[in-house]
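So the structure is just underneath, and the comments pick up after that.
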Amino acid sequence: MTQPFKAKSASPAKGTTQPVHTTSEPIDPTQGPVRPQFVLFGSSIVELSYSCEGWGATLANLYARKADVILRGYCGWNSRRALQALDKIFPKDATDQPSLVIVYFGGNDSMHPHPTAHSPHVPLQEYIENMRKIAIHLKGLSKKTRLIFLSSPPINEVQMHEMLSDLLGPLKRTNESCRIYSEACLELCREMNVKAIDLWSAVQQRHDWSDVCFTDGIHLSHEGNKIVAKEILKVLREADWEPSLHWNSMPTEFAEDSLYDPNGADEESIINVSNGNFQGNSQSK
C-alpha cells in the first residue's frame, strides 16, 4: 500500500512548531539536494524496463523524491561487452557513486554460437568470470554501493520463433540454455555474497507464464514486468542493509509542511501531499 496523504492542523498551536522532515543528506548550495542513485544496468530486459508499466518505470514511480533511478540498459549486450564498457559507465573516480546497482546479463550470452562468430554468445565459463569481474568492480565503487543481480528469465520458444524469425532468422536460444546460465549466475552470487533474484524460477511460478509474460517470447510483457518488480522490492524490503533502500524506509525530499499545501475537505486541515501517490501502484510492497 502506498502512504496516504497526511492531514494536519491548518496552523500550529501557539508556542509550538510544525515537525519538519527533510532529506538525510545535507544540501550543497552549489549542487542542490543529492538523492541516492539507483542504476539499472543490463541488456534489453533493462533498456525496455522504462516502457509503460515496465519494472524500471515502477521503481522510478515508487522512488520519486527518494532516489534517482538511472537507466543504463543496452539492447543486444552480453557480459563481454558490458565488461569492456564498465569503466566508462561506472568510473571509480566519480564524485557520486550509486547506492544500488541492479545488473542483468545472461540471456544473450546463452544464445548458441553462430558459425560466423558474429553472435552474442559467450561461453559459460567466460560468462561466469565476466560477471565476477563486474561484481568486483561495482562492489569497489564505494562502501555504500549495494548490488542485486538478476538471473536469466525463461523464454517462450514457440512465440519467439513465430515473432522474431522473419527478422533475425532461426534464433539459437532455448529455455534450457537460459536455465543453465541462470543457475551459473545464482551460484556465483552465492559465492560472492551478492543478492540475486532467480527470474528463471520466479516467472515460471505462474501456471500461464508462457502465455502472458512475454511480448515476443523473450522480452517482458506487463505481467512479466510485474514479477520482476515484485521480486526486486522483496529483496529491498528484506535486505539487512543499513540504511535500508526500500522505498517506504527512505526519506522524501522536501517533505516538510508548507504554506502552499492544499486545504482538506473539512476546511480546517491542510494536506501534506509530499508522500502521496495520485495514481496508486499495485507493486508498492
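The values are calculated or read from the model by the stated rules, or taken from the named source; none is laboratory data. None of the values given here were measured: they were computed from a predicted structure. With ideal geometry, Cβ positions are generated from the backbone for all residues, glycine too; neighbour counts draw on all protein chains shown.
Restricting to the range 51-83, name every residue that is without any contact (Cβ under 8 Å) to a residue 60 or more places away in the chain, outside any loop (DSSP other than H, G, I, E, B) and touching a Lys or Arg at 6+ places or on another chain (Cβ under 8 Å). Within the range 51-83, Asp68, Leu83 qualify.
Counting only helices (runs of 4 or more DSSP H) that sit wholly inside the range 162-273, those with at least 3 residues that are under 19 Å from the mean Cα position of the chain (by Cα), at negative phi and loosely packed, with under 15 Cβ neighbours inside 10 Å are 222-238. The set of residues in the range 84-120 being touching a Lys or Arg at 6+ places or on another chain (Cβ under 7 Å), surrounded by fewer than 19 Cβ atoms within 10 Å (Cβ to Cβ) and outside any loop (DSSP other than H, G, I, E, B) consists of Ile89 alone. Report, by residue number, each residue of the range 121-132 that is in a loop (DSSP other than H, G, I, E, B) and under 23 Å from the mean Cα position of the chain (by Cα). None - no residue of the range 121-132 is in a loop (DSSP other than H, G, I, E, B) and under 23 Å from the mean Cα position of the chain (by Cα), so the list stays empty. On the stretch given as the range 169-202, residues that are basic (Lys, Arg) and modelled with pLDDT of 95 or more total 3. Just the residues that are in a loop (DSSP other than H, G, I, E, B) and either surrounded by 20 or more Cβ atoms within 10 Å (Cβ to Cβ) or of a type in the set (Phe, Trp, Tyr) (or both), please, taken from the range 143-155. Correct list: Ser151, Ser152, Pro153, Pro154, Ile155. Of the residues Gln37, Gln18, Gln31, the single one that is polar (S, T, N, Q), at pLDDT 95 or above and over 28 Å from Asn175 (Cβ atoms) is Gln37.
Rundown of residues vs (1) aromatic (Phe, Trp, Tyr); (2) under 24 Å from the mean Cα position of the chain (by Cα); (3) more than 15 Å from Arg173 (Cα to Cα), yes/no style:
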position: Leu86; (1), (2), (3): no, yes, yes
position: Asp93; (1), (2), (3): no, yes, yes
position: Ser99; (1), (2), (3): no, yes, yes
position: Phe105; (1), (2), (3): yes, yes, no
position: His112; (1), (2), (3): no, no, no
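So for the range 133-142 (the condition being within 13 Å of Cys189 (Cα to Cα), of a type in the set (Gly, Ala, Ser), modelled with pLDDT of 95 or more and assigned to a helix (DSSP H, G or I)), does at least one residue qualify? Within the range 133-142, one or more residues are within 13 Å of Cys189 (Cα to Cα), of a type in the set (Gly, Ala, Ser), modelled with pLDDT of 95 or more and assigned to a helix (DSSP H, G or I). Taking the listed residues Val194, Val203, Val228, Val235, the one that is closer than 30 Å to His137 by Cβ, in contact with a helix residue (DSSP H, G or I) (Cβ under 7 Å, 6 or more places away or on another chain) and in contact (Cβ under 8 Å) with a residue 60 or more places away in the chain is Val228, with no other qualifying.
When the test is whether a residue is of a type in the set (A, V, I, L, M) and without any contact (Cβ under 8 Å) to a residue 12 or more places away in the chain, Ala135 does not pass it.
When you scan the range 164-171, do you find a residue that is more than 19 Å from Ile227 (Cα to Cα), of a type in the set (Ser, Thr, Tyr) and free of Cβ contacts under 8 Å to residues at least 12 places away in the same chain, even just one?
Initially, the range 164-171 is screened for residues more than 19 Å from Ile227 (Cα to Cα), giving 164-171.
From what is left, the residues that are of a type in the set (Ser, Thr, Tyr) are 165.
Then drop every residue that is not free of Cβ contacts under 8 Å to residues at least 12 places away in the same chain, which leaves 165.
Yes.
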